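Asks: Below: one structure in structure tokens.
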There are 2 protein chains.
Amino acid sequence: MCSIYNIYNCLYKLYLMKFEKTMGFYDSNRMGDILFIFHKNHKKYLNDELSKYNMSLIHALCIIMIHESDELNQKDLSDGLHLTKSAITKAVKKLEDEGWILRERSIEDKRHFILKLTDKGNDFIPIMNDINKKWESEMGLYELDPNFMQIFNELTHRAINLNLKKEMKKD
Amino acid sequence: MCSIYNIYNCLYKLYLMKFEKTMGFYDSNRMGDILFIFHKNHKKYLNDELSKYNMSLIHALCIIMIHESDELNQKDLSDGLHLTKSAITKAVKKLEDEGWILRERSIEDKRHFILKLTDKGNDFIPIMNDINKKWESEMGLYELDPNFMQIFNELTHRAINLNLKKEMKKD
């Protein structure tokens, strides 16, 4: 057996050990567990990139949601992001204090406030797109087999449908 | 064009609309966003199944981690699950109150407590395995192209490595 083979074998073992360590107690043969780890690492990457702007993923998601909708209030953010009222209140306060968003009194209902992006907030949208593209490029997603993406999409549909079916049974 | 085609077309459009609604403001063409939704729906399914045992995913993960390790305390749970100290304290209290786990004074350091499963707690391990298997079966994972799982595993490795590389740069 040549030494190059041994070196590769050794490196591969180290790689597996590193993987096992990062996977922790999760089962690397179980799809749900891998999904968990994959998602966690995606989130970690985004949070790390966003920290350069003194932001977290929650803040970024708030800004994107406000950007996508015209008449959005704190409750919509809380519902849309499945986060507690207090987490959203905290995030909105920070975003307002730092000049990313502002609150406007609703024309329809003077008691309510709707959220709007400031110019600084609007400038964040292309930044977030660049962060997403950087991750996709570093992950090599542009060279992926289109067949993979199709199955990945189908599985996500199935995961959504399993929950929808359950909800329909409950109603 | 035959009417059967129209019906299918109509159903497909409804299906897409339902998908768009559940995806919310996420971009269904962006892998990171699909990953987010996939993970969220997996979590939702597990939480729903676990609610039959008056449990949430956090509780289940605590029990599994305690099962996997001999000398585990609250800090290890908090570190391993990337959850705040207060979230773990709350979960551990509930698990203890309901008889899933118990606290034992550490032999090595009398000031510290280690967590152990009760018989009820041990009986939960096969229940969790069954829940995982039920999801996998309902998702049709056993009929998946092995090539898909290989790419999925590789991508997860890459996502982990991107973060490890960043951490190494920081050190």
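The values are calculated or read from the model by the stated rules, or taken from the named source; none is laboratory data. All figures in this text were calculated on a predicted structure; none of them were measured in a lab. Cβ placement follows ideal geometry from the backbone for every residue including glycine, while neighbour counts extend to all protein chains displayed. In case anyone asks, the SASA skips ligands and DNA or RNA and just uses the protein heavy atoms, side chains included. Shrake-Rupley method; radii C 1.70, N 1.55, O 1.52, S 1.80 Å.
Asks: Which one of B:51, B:78, B:69 is free of Cβ contacts under 8 Å to residues at least 12 places away in the same chain, surrounded by fewer than 16 Cβ atoms within 10 Å (Cβ to Cβ) and touching a helix residue (DSSP H, G or I) at 6+ places or on another chain (Cβ under 8 Å)?
Replies: On the way: B:51 fails: touching a helix residue (DSSP H, G or I) at 6+ places or on another chain (Cβ under 8 Å); B:78 fails: surrounded by fewer than 16 Cβ atoms within 10 Å (Cβ to Cβ).
None of the others qualify; the one that does is B:69.
Asks: A follow-up question, please. How many residues are within 14 Å of chain A (Cβ to nearest Cβ) and open to solvent by less than 40 Å² (accessible area, probe 1.4 Å) if we restrict to region B:81-100?
Replies: Qualifying residue count for the region: 2.
Asks: In addition: If you check B:104, B:143, which single one turns out to be exposed (fewer than 14 other Cβ atoms within 10 Å of the Cβ), touching a strand residue (DSSP E or B) at 6+ places or on another chain (Cβ under 6 Å) and of a type in the set (D, E, K, R)?
Replies: Details: B:143 fails: touching a strand residue (DSSP E or B) at 6+ places or on another chain (Cβ under 6 Å).
Answer to the check: B:104.
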